[in-house]
1. Using per-residue counts of other Cβ atoms within 10 Å, averaged over each peptide, order 183-191, 274-282 from highest down.
2. Tell me the Rg and the Dmax, in Å, that the Cα atoms of segment 379-480 produce.
3. Compute the long axis of helix 30-43 from its Cα atoms, compare it with the longest principal axis of the Cα atoms of the chain, and write down the angle in degrees, 0 to 90, nearest 10.
4. In percent, what relative contact order does segment 126-213 have, based on Cα pairs under 8 Å that are 6 or more apart in sequence?
5. For the chain, what does the helix formula give at 222 nm: sum of -39500 (n - 2.57) over DSSP H segments with n ≥ 4, over the residue count, nearest 500 deg cm²/dmol?
6. What order do you get for 31-39, 239-247 when each peptide is scored by the mean count of other beta carbon atoms within 10 Å, highest first?
7. Which peptide among 318-325, 340-347 comes first, and what is the full order, when sorted by highest mean count of other Cβ atoms within 10 Å?
8. Based on the alpha-carbon gyration tensor of segment 185-312, what equivalent-ellipsoid semi-axes (square roots of 5 times the eigenvalues) come out, in whole Å, largest first?
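All of the numbers you see were taken from the coordinates with simple rules; none came from a lab. Here the structure is a predicted model, which is why all the values come from computation and not from measurement. Note that each Cβ is placed from the backbone with ideal geometry, even for glycine, and that neighbours are counted across all protein chains shown.
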Amino acid sequence: MNRTMLWAMFTPETTAAELFPLDPAASQPLYRQIYERVRGAIASGVLKPGDRIPSARALTKELGLARGTIDTAYALLAAEGYVQTRGQAGTIVTPDLKARAPVASLPSRPEVGGAASFRPDTILPFQMGLPALDLFPRKIWAQLGAQRARAMQPADMVHPSVFGLPALRTGIAAYLQVSRGIDCAPAQVFVTSGYRHTLSLIAKALLTAGDLVWVEDPGYPPTRDLLGQMGLKPAPVPVDRDGLIVSEALRAAPHARAAVVTPAHQSPLGVSLSLPRRLALLDWARRHDAWIVEDDYDGEYRYVSRPLPALKSLDRDHRVLYAGTFSKVLLPSLRLAYLVVPPNQVERFEATSQGFTGGSPELTQSIVAAFIAEGHFARHIQRMRRLYAERRAMTVAGFEAVLGSRFAIDAQPGGMHLLLRPRDGRADRELVAAMREAGLFGEALSDWAAGGQGAQAVLVNFTNIASREAAEALARRLVMA
Ligand SMILES: Cc1ncc(COP(=O)(O)O)c(C=O)c1O
């Protein structure tokens, strides 16, 4: 069957001319073309709610394309609610689609080929932000889960505390003391549902619309986006090998009210904020009554030395808000993170949380609390640190062998991703779009820059690459992209 005929599969009576074939020569990536075709067919009523569409496997075969291309297109369609995958029953157009906004009038999404916020529905090789999913201690987790569920009392069945489960707050405070050098009481720890929740809570409690906030450039795009959505003004500050250039920040935005930094491993460049810069930042915050948000998303994972103490451990003047998360050290699907506030801000944060937070799932918090209290957490982190050091080394070796002539490979001292810098001047967004076509994940460094320009590199996660052979095989797929 050729490509043209494929589209007739959607509805036997529809001609291929109406549903037009894919155009391999078009600048639009193939996954995007498939996505647009299906969406267009739904919008025009050719495909109706409940209609079956070909399974990703069948479509892969019919089109003779990489499975990843179809998966990426279907993942986008599913993420936007157009289709539902029903295991054996196949993939169908979402039955209640009519009840939603008319499909035809939905604004078309911006091109996601290179956007940094892309979250596929399936797990793709190199997918950013994921810990090693194969070695999560499922057995212990399942035992603790069953135990905690059995132990539930009526008091555990009502609305949870909006500040977090007391046992978890205590466990986090003890862990931070030992592992990150942070001296805090459980009352200073607020459990949240992720970094965005943490940052919103800080902004609501301490900042006012219109306030300038220093952000790293390049830096984690959700930070900039969220601050903007909250009416704050992100002021991008360049980063060099010592982290955020504080003197530059003072020159460009002297009246900023806050700074958001990733001191352990700058996201995405992986450099650490040097001690002089840490002290300069703390000094600025003290003199200006400004706030520093320390986003310590993966501080535990350092491979060239022991993890560096957190910036918060130097915070004598109570200006640092420490944001931690369980996404990297356990699993992102838990949706549990935490915030440590200075002792003199506890009341303010309690008041803000009461008005703004609904609390996090009690049972999950209780499992994590038991996981920490029984020593599994510390052991798991140690094990993952060793594992990631190995996987990082194997990935670098495999990549060097296959990709060394095409890319300079930046192995950073910590973190969970590598930077591949094209030697031939190829644009990183173009590379990322081609990688997605080939069913590989990647993010373009230029998408992490405030102006959308600058150094070109592709960010790839290595924590799920289990051998040098696997790294080489993936590298060969990347070469074909
Ligand atoms: C820079 C940075 N900060 C924070 C986070 C944690 O986000 P969350 O707690 O919502 O998973 C991540 C996760 O990818 C990150 O990359």
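1. Details: 183-191: 19.9, 274-282: 17.7.
In descending order of packing, they fall as 183-191, 274-282.
2. That works out to 13.6, 43 Å for Rg and Dmax.
3. The angle comes out near 80 degrees.
4. Working: 30 pairs, mean separation 17.6, N = 88.
It rounds to 20 percent for segment 126-213.
5. Numbers: 17 runs with 191 residues, N = 481.
Only helices count here, giving -12000 deg cm²/dmol.
6. On the way: 31-39: 21.6, 239-247: 18.1.
My ranking of the peptides, most packed first, is 31-39, 239-247.
7. Details: 318-325: 24.1, 340-347: 17.2.
Packing proxy ranking, top to bottom: 318-325, 340-347.
8. Working: eigenvalues 87, 68, 41 Å².
Those come to 21, 18, 14 Å.
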